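The values are calculated or read from the model by the stated rules, or taken from the named source; none is laboratory data. Predicted model only: the values in this text are computed from it and were never measured. Don't worry about glycine lacking a Cβ; one is built from the backbone with ideal geometry, like all the others, and counts go over all protein chains shown.
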Amino acid sequence: MLPLLRLAATGEVRVRDCIESIAREFNLSDEELSETLPSGKQTRFANRVHWAKTYLSQAGLLERTGRGRFKATARGVSVLRDNPSQLDNDFLSRFSEFRDFRTRRSVVGDVDTMAEPIGNAGVVATPEELIDQSFNEITNELRASLLDRIMSASPAFFEKVIVDLLLRMGYGGSRSDAGRRIGRSGDGGIDGVINEDPLGLDVVYLQAKRYAAANQVTPDQLRGFAGSLLQRGATKGVFVTTSRFTEQAKDFARTIKQQRIVLIDGDELTKLLVKHGVGVRTERTLELRKVDLDYFDEEQDET
């Protein structure tokens, strides 16, 4: 907030220019500047600068001078004359306009998000970041619950989960086709065969192991699977487990020449289940909206 107010006190500025200037002041790397919010629609740093502008404006320290342009108010300049070491929500709360702003947000069920710390650095979070954090926490809990459900279900249900997932991902022709090919447990190290395309022009062989977390898949198990593929003249396989693969097993899958074997561990399995909507349902949908600047562009209407 403080660097932004200092820039605005020099005269009319644009948010884009302020982002670049403050980034230089903080000596941010290209990697830090390119980091995006999980939505991928805005960089994290730009998001924070925009929210800093919002909070300073609500406190009466900034005023809009044109589309995308603003400057410090007399109050903002006065604040800088006192040479504050930092600006935060506690500081801004001395102004009634900002207190009213926070009260309005509380009325609609919001919280004072900019006062919440992120990580160990004490950096405050923007509303979008808090939404993303909460979403990630809920999703991680969901994924853990999915794995618990799978582990407590029968082996046949585990097969069903994999069938449904593969179908949602675009494999197989229909559920009956995929279901018929899955479930050939013990067939020489092959637990199932699925169509890679709806016409069955190519097939993928599958092995599924429902293991507890402590029981990891070893290179020997992958070698056995690769040998079964070789016997059938197959070049593609998917090995699914509810646990994990040892590093040696991952190295084997990366270096094997005869076939391509894709590994899906419990972590990746639950990610795919959530992504493709298998075993989960939508609780509610939140739609975030932003001001349409073109709509409020009076100069454009006049032309």
>> Can you list residue pairs whose Cβ atoms sit under 6 Å apart, with the first residue in the range 80-94 being part of a loop (DSSP other than H, G, I, E, B) and the second being basic (Lys, Arg)? Count only pairs 6 or more apart in sequence or on different chains.
In response: Ser93/Arg99
> Which of the residues spanning the range 127-178 are at pLDDT 80 or above and not in a helix (DSSP H, G or I)?
Replying inline: Ala153, Ser154, Met169, Gly170, Tyr171
>> Can you pull out every residue in the range 31-79 that is in contact (Cβ under 8 Å) with a residue 24 or more places away in the chain and of a type in the set (D, E, K, R)?
In response: Arg44, Arg48, Lys53, Arg67, Arg69, Lys71
> Of the residues Thr36, Thr10, Thr43, which single one is in the same structural domain as Thr103 (by TED's automatic domain parsing) and either within 30 Å of Asp100 (Cβ to Cβ) or touching a helix residue (DSSP H, G or I) at 6+ places or on another chain (Cβ under 6 Å) (or both)?
Replying inline: Thr10
> Among the candidates Leu272, Leu230, which residue alone is among the aliphatic types (A, V, I, L, M), at pLDDT 90 or above and surrounded by fewer than 20 Cβ atoms within 10 Å (Cβ to Cβ)?
Replying inline: Leu272
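Given Arg44, Arg14, Arg24, which one is basic (Lys, Arg) and touching a Lys or Arg at 6+ places or on another chain (Cβ under 7 Å)?
Working: Arg44 fails: touching a Lys or Arg at 6+ places or on another chain (Cβ under 7 Å); Arg24 fails: touching a Lys or Arg at 6+ places or on another chain (Cβ under 7 Å).
The unique qualifying residue is Arg14.
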> Which of the residues spanning the range 63-79 are over 12 Å from Val15 (Cα atoms) and either assigned to a helix (DSSP H, G or I) or under 33 Å from the mean Cα position of the chain (by Cα) (or both)?
Replying inline: Ala74, Arg75, Gly76, Val77, Ser78, Val79
> Residue check: is Thr235 assigned by TED's automatic domain parsing to the domain that holds Ile162, in contact (Cβ under 8 Å) with a residue 40 or more places away in the chain and in contact with a Lys or Arg (Cβ under 9 Å, 6 or more places away or on another chain)?
Replying inline: no
>> List pairs: first residue in the range 9-30 and touching a residue at least 24 places away in the same chain (Cβ under 8 Å), second residue of a type in the set (S, T, N, Q) and loosely packed, with under 15 Cβ neighbours inside 10 Å anywhere in the structure, Cβ distance under 8 angstrom, at least six positions apart or on different chains.
In response: Glu12/Thr65
> In the range 1-37, which residues are in a helix (DSSP H, G or I), charged (D, E, K, R) and under 26 Å from the mean Cα position of the chain (by Cα)?
Replying inline: Arg16, Glu20, Asp30, Glu31, Glu32
>> Name the single residue that is farthest from Leu230 (Cα to Cα) among those in the range 246-283 being in a helix (DSSP H, G or I) and among the small types (Gly, Ala, Ser).
In response: Gly266
